[in-house]
Amino acid sequence: MKLSQVCRIQLCYGLSVLMVIGFILQILGIYFPNSIPHIPPPLLLVTEDPLPSHRTCQPKHDLMFLKTHKTAGSTIVNLLNRYGEHNGLFFALPNGYQFNYPSSFQSHDVKGYNALSGQHYDIMCHHMRFNYSEVQKVMPPDTFYFTILRDPAYVAESSFSYYRTSSLAFTKAPSLKAFISHPTLYYKPGESSNQYARNTVWFDLGYDSDAPFTETYAKSGIRAVENIFKLVLLAEYFDESMILLKEELCWDLNDVVTFKLNSRETSKTLDNEDIEKLREWNKLDWNLYSYFNRTFWDKVEGFGRARMDYEVKKLKEKRQELAKLCLEGSGPVMAEKIKEKVLKPYQPKNEKILGWAVRKDLPHEVRTYCIRMVTPEHRYKDFLDTHQFSMEVSNGSIRASTHARIIGAKKQMRQNS
């Protein structure tokens, strides 16, 4: 064969390899060239950071997120699901959709967990009543713990709507206004699902939500939370929270881009008097929120205000870019308008939860990514469960599937490298 023919063959082969690599990078980075049909070009993003940071850190993979109720936790669970799936991480999954809540978490609540094996998981992120000593049995020693808070007045408004038919305190109250005015008329400690009706986050953290408020008790709880959770996010400042999370975990901006999940169609407006009464009724939660609101902004100051503004701007631009690429319409839609079963959000009684419809005119790999971004929490958990475990019942025990064992092997290789 002539030298010129060999060169042409090698050149073609090299170009082919480069094209394949380029396409993979575009999918992973969610940047797409104008030549792909039916896909709009990405928005132009500023690439020069006015306050550059030269990070030498390694991405964190061992993560425990305490998902508190009605605080935008479902959106964070989605980004953890996507990150874990993309990086081949091993999830600590509940047998249902939460870890035997409202009972205190026990290590045996994790599906397939075997205390004798000494196995650890990479990510834990579903609802539980926190029990640190039991979580430590499941998660590695270097696990990064974080959680999220929200003003308890607005947690209460959302909880009243979402759990109206399950919490006896809410069921007995003729309206939210009536409950706010005289909560003790309807609330009785220990009654069914009343953990949703008072100091919900304090309860989720594993503490006594009915304990009388004292400065000593409140401060001791806050100290314990601060010692365990290295980052406490705020739902009201979600984008700033994502930037702080990205920085702490040494992740990329694409890793923390989200669309809001599990949002309601409507919410009631609270006047100032309602807000003050609900904060007083949920005083343990309000004290907790007030403290970590201050520490949150201390972290923002440490990060740098100008740098934070720039990073939030980039995050919003990336979200808009992906919305234009992925979604039908400009916002969330009613569940009945979503044709694909996998994208339909769970609908509690007397409440309408919005979801997202994904464009159908997308290449398969792109559409798969877009679907993952808006897959409701229960659907995504079922997907991870199916791929991580096969319920192989042998001699009365549940064993991890081949896929789960492969993930475990990958993790061991990563630790040894």
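Please treat every number below as a calculation from the coordinates, not as lab data. In this text, all values refer to a predicted model and were calculated from it rather than measured experimentally. Methodologically, a virtual Cβ is constructed for each residue, glycine included, from the backbone with ideal geometry; neighbour enumeration extends over all protein chains shown.
Among 60/299; 67/349; 67/268; 70/246; 230/352, which pairs are too far apart, with a Cα-Cα distance over 27 Å? Violating the 27 Å limit, Cα to Cα: 230/352. Taking amide H as placed 1.01 Å from N in the peptide plane, residue 358 has its amide H under 5 Å from the amide H of 328, each at least 5 places away in sequence or on another chain.
Computed over every Cα-Cα pair of the stretch 160-220 and binned at 10 Å starting from 0, the pair-distance distribution P(r) comes out as 23, 50, 24, 3 percent.
Taking Cα pairs under 8 Å and at least six residues apart, what relative contact order does the stretch 292-398 come out at, in percent? Value for the stretch 292-398: 20 percent. Gyration tensor analysis over the Cα atoms of the stretch 91-208 returns equivalent ellipsoid semi-axes of 33, 14, 11 Å (largest first, whole Å). Every Cα-Cα pair of the stretch 247-311 was included, and the share exceeding 20 Å stands at 59 percent.
The Cα trace of the stretch 220-329 gives Rg and Dmax of 16.7, 48 Å, the first to one decimal, the second as a whole number. Each pair of Cα atoms in the stretch 60-135 enters the Kirkwood radius, and Stokes-Einstein at 25 °C and 0.890 mPa s then converts it into a translational diffusion coefficient of 192 µm²/s.
Put simply, when 95-101, 63-69 are sorted by average Cβ atoms within 10 angstrom per residue, most first, you get 63-69, 95-101.
Over all other residues within a Cβ to Cβ distance under 15 Å of residue 294, the charged ones net out to -3, with Lys and Arg as +1 and Asp and Glu as -1.
Here the stretch 148-229 is treated with +1 on each Lys and Arg Cβ and -1 on each Asp and Glu Cβ, and its dipole about the Cα centre works out to around 240 debye. In percent, what relative contact order does the stretch 82-241 have, based on Cα pairs under 8 Å that are 6 or more apart in sequence? The value is 21 percent. With the convex hull drawn over the C-alpha atoms of the stretch 326-368, the volume per residue is 67 Å³. For the stretch 76-203, a crude dipole built from +1 on the beta carbon of Lys and Arg and -1 on the beta carbon of Asp and Glu, taken about the Cα centre, is about 480 debye to the nearest 20. Phi angles across the stretch 60-73 convert, under the Karplus curve 6.51 cos²θ - 1.76 cosθ + 1.60 with θ = phi - 60°, into 3J(HN,Hα) values of 7, 10, 8, 9, 10, 9, 7, 7, 7, 7, 6, 10, 6, x Hz, Gly and Pro given as x.
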